[in-house]
Amino acid sequence: MKNSVLPDPFASAREKRGLGEMVDQNDPVTMVLRHKDVRKCAHQYKTFSSEDIPGRIVVPSEVNIRETRQLPFELDPPRHGTYRQLLEAWFKRPLQADYQSILRKQIEELIGQALLQSQVEVVSELALPIQSHALTLLLNTSHEEAQKWISWGTHVFRSEGEALDGDKAMVLYDYIDEQIERAVLHPGQDLYSVLLASEIDGRKMTKEEVKGVLVLTFAGGRDTVINAVTNAIAYLADHPGALERFRQEPEIIGRAVEEMIRYFSPLTHMGRVVKEDTQVCEHAIKADSRISLCWASANRDPAVFENPDEIVLDRKINPHVGFGFSHHNCLGATHARQIMKILLSTLAEKVSTIQILKCKENIEMLSDFQRKVGYDTIQVKFNAIK
C-alpha cells in the first residue's frame, strides 16, 4: 500500500445506516456520515447547536481543559455572524498580493533548507515551521514568535495518544493572556491590538472575547495545516508524476489543493449539541446528546463524488466539506489554501522527486472506526531539480 493512501473506514456504515457511533469521555457521539445529511445538519443550527459549554462541540471534548469560549466558532447565529463580520476582512488578507509574496518567501526558504539536508523529518522540521511562520503573517506579529510556537511541539492540547492535557493547553492560554496584556500597554497593528480596539454591539471587545478569537486562531489551524502538508508530501512522494504535471500545468494547482483537502480531510469531524428530540437518517436523536458532522466521511460519499477514493488532481466539480459548511465554514480557509497552493508550486519548481525513508502513521481511534489522519513522523529526502 502506498504511504499516501487513506482508506475510508466509514464506507460500510455510511451506506448501511448513514450514522456511526462513538464514545468520547463518557459523552456519546452520533456521527453523521452522508454528504447530504452532514450539510443538512450544518444548516440546522437551532436543532444542532454550536453554542453549549465551551469545548463540548469539539471531538474529543475540551470541557475539562478550557472555560474560554472560542469565537465565533462556539456561537450560533445571529451572534456568530456579528463576530464573523468583524473578522472576515482580516482573515481574507491572504488574498492580497503582498501577503502572498511574504508567505511565498517563507515557504521557499524552508524548502530551500530542506533541499540541503540528506533527510528531513517533515512533521517537526517542515510542516510545523511552515504553519508557525505563516501564523506570524496571519496575526501580523513578529516573525521571531514562530520559534516559540515551534518549541511547543505538535501536541499543544494533547499528550501522546487521545488524552487531553490541561497543562499543555495552559501553555497556549498563558501565552495568549501575556500577548493581550502587551497589546493593552503597547498597541500595534497585530490581531491582538486590532481586536482590543474593535467594537461588538456598540461596546469594546473584552479581553476574554479577544482570547476566544485567538485560541481558535492558534488551535484551529495547527494540526489541520500540519496534516494537510504532511499528507500532500507523502502523496507527491508516491506520485512523482504529479510534480511534473504541476510544472507543466500550474493552472491546476488550485484544483489540486481542493482535491487534497477533500481526500485527506485534515479535520475528521466537528460536534454539535442536540437541542431537541429529533431524527437523523430516520434514527432518533435525544436532546442534549451530541452529533458530529463527519467531514471525512462526507468527502468520500460516492453519491456525490466520482471515484471518491482516488485523488483526481484536476477534479472540476468538488463540493467537498473539508473546510466545514454553512455559517461555520472555516474562518482560516483562505490562509490554509494559500499555504497549500504556494507549497505545491514551490515543490514543483524546486523538487524533482521525494523519497520516503521512514514513517509512522497517526491513527485516530473513533470507537469502532480507525482513521489515518496523517503522520506522527515521516522522514523524507527531497531531490532537487538539476
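Overview of results
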read-out: Selection status of LEU115, closer than 20 Å to SER345 by Cα, aliphatic (A, V, I, L, M) and either crowded, with 21+ Cβ neighbours inside 10 Å or out of contact with any Leu (no Cβ under 7 Å at 6 or more places or on another chain) (or both); value: yes
read-out: Scan of the range 1-22 for residues that are surrounded by fewer than 14 Cβ atoms within 10 Å (Cβ to Cβ) and farther than 25 Å from VAL380 by Cα, ordered by number; value: SER12, GLU15, LYS16
read-out: Scan of the range 261-289 for residues that are under 30 Å from VAL312 (Cβ atoms) and of a type in the set (Lys, Arg), ordered by number; value: ARG262
read-out: Lone qualifier among ILE226, ILE233, ILE261 - being surrounded by 23 or more Cβ atoms within 10 Å (Cβ to Cβ), farther than 30 Å from LEU19 by Cα and in contact with a strand residue (DSSP E or B) (Cβ under 8 Å, 6 or more places away or on another chain); value: ILE233
read-out: Unmet requirement for ARG56, which otherwise passes all of (1) under 23 Å from VAL215 (Cα atoms); (2) in contact with an Asp or Glu (Cβ under 7 Å, 6 or more places away or on another chain); value: (2)
read-out: Residue check for ALA89: in a helix (DSSP H, G or I), surrounded by 20 or more Cβ atoms within 10 Å (Cβ to Cβ) and among the small types (Gly, Ala, Ser); value: no
read-out: Leading residue by the ranking (farthest from ALA234 (Cα to Cα)) among those in the range 339-363 that are assigned to a strand (DSSP E or B) and among the hydrophobic types (A, V, I, L, M, F, W, C); value: ILE363
read-out: All positions within the range 55-73 that are surrounded by 18 or more Cβ atoms within 10 Å (Cβ to Cβ) and either out of contact with any helix residue (DSSP H, G or I) (no Cβ under 7 Å at 6 or more places or on another chain) or part of a strand (DSSP E or B) (or both); value: GLY55, ARG56, ILE57, VAL58, VAL59, PRO60, SER61, GLU62
read-out: Subset tally (residues that are in contact with a Lys or Arg (Cβ under 9 Å, 6 or more places away or on another chain) and over 28 Å from GLU249 (Cβ atoms)) for the range 338-367; value: 6
read-out: Scope the range 192-210; condition part of a helix (DSSP H, G or I), surrounded by fewer than 22 Cβ atoms within 10 Å (Cβ to Cβ) and not polar (S, T, N, Q); matching residues; value: VAL194, LEU196, LYS207, GLU208, GLU209
read-out: Test: ASN307 is surrounded by fewer than 20 Cβ atoms within 10 Å (Cβ to Cβ) and over 25 Å from GLY221 (Cα atoms); value: yes
read-out: Qualifying position, being farther than 27 Å from ILE180 by Cα and touching a residue at least 60 places away in the same chain (Cβ under 8 Å), among GLU121, GLU62; value: GLU121
read-out: Filtered residues of the range 225-265 (kept if closer than 21 Å to GLN131 by Cβ and either at pLDDT below 95 or more than 21 Å from the chain's Cα centre (by Cα) (or both)); value: ALA237
read-out: In the range 16-54, residue farthest from ALA303 (Cα to Cα) [restricted to those that are out of contact with any Leu (no Cβ under 7 Å at 6 or more places or on another chain) and assigned to a strand (DSSP E or B)]; value: ASP27
read-out: Answer residue from the range 44-92, given it is hydrophobic (A, V, I, L, M, F, W, C) and more than 20 Å from SER198 (Cα to Cα) and is modelled with the lowest pLDDT among those; value: ILE65
read-out: Restricting the range 126-180 to residues that are assigned to a loop (DSSP other than H, G, I, E, B) and among the hydrophobic types (A, V, I, L, M, F, W, C), the residue that is modelled with the highest pLDDT; value: TRP152
read-out: Members of the range 1-15 found to be outside any loop (DSSP other than H, G, I, E, B) and touching a strand residue (DSSP E or B) at 6+ places or on another chain (Cβ under 6 Å), listed by number; value: ALA13
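Conditions (1) under 22 Å from the mean Cα position of the chain (by Cα); (2) farther than 26 Å from SER49 by Cβ, marked per residue:
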site: GLY324; (1), (2): yes, no
site: ASN329; (1), (2): yes, no
site: LEU344; (1), (2): yes, yes
site: ILE354; (1), (2): no, yes
site: LEU357; (1), (2): no, yes
site: ASN362; (1), (2): yes, yes
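Let's see how each residue does on (1) hydrophobic (A, V, I, L, M, F, W, C); (2) touching a strand residue (DSSP E or B) at 6+ places or on another chain (Cβ under 8 Å); (3) in contact (Cβ under 8 Å) with a residue 24 or more places away in the chain:
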site	(1), (2), (3)
LYS316	no, no, yes
PHE323	yes, no, yes
HIS327	no, no, yes
GLY332	no, no, yes
MET340	yes, no, yes
GLU349	no, no, yes
THR353	no, yes, yes
LEU366	yes, yes, yes
PHE369	yes, yes, yes
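The values are calculated or read from the model by the stated rules, or taken from the named source; none is laboratory data. Keep in mind that this is a model prediction, so the values were computed, not measured. Every residue, glycine among them, receives a Cβ derived from its backbone with ideal geometry; neighbour counts consider all protein chains shown.
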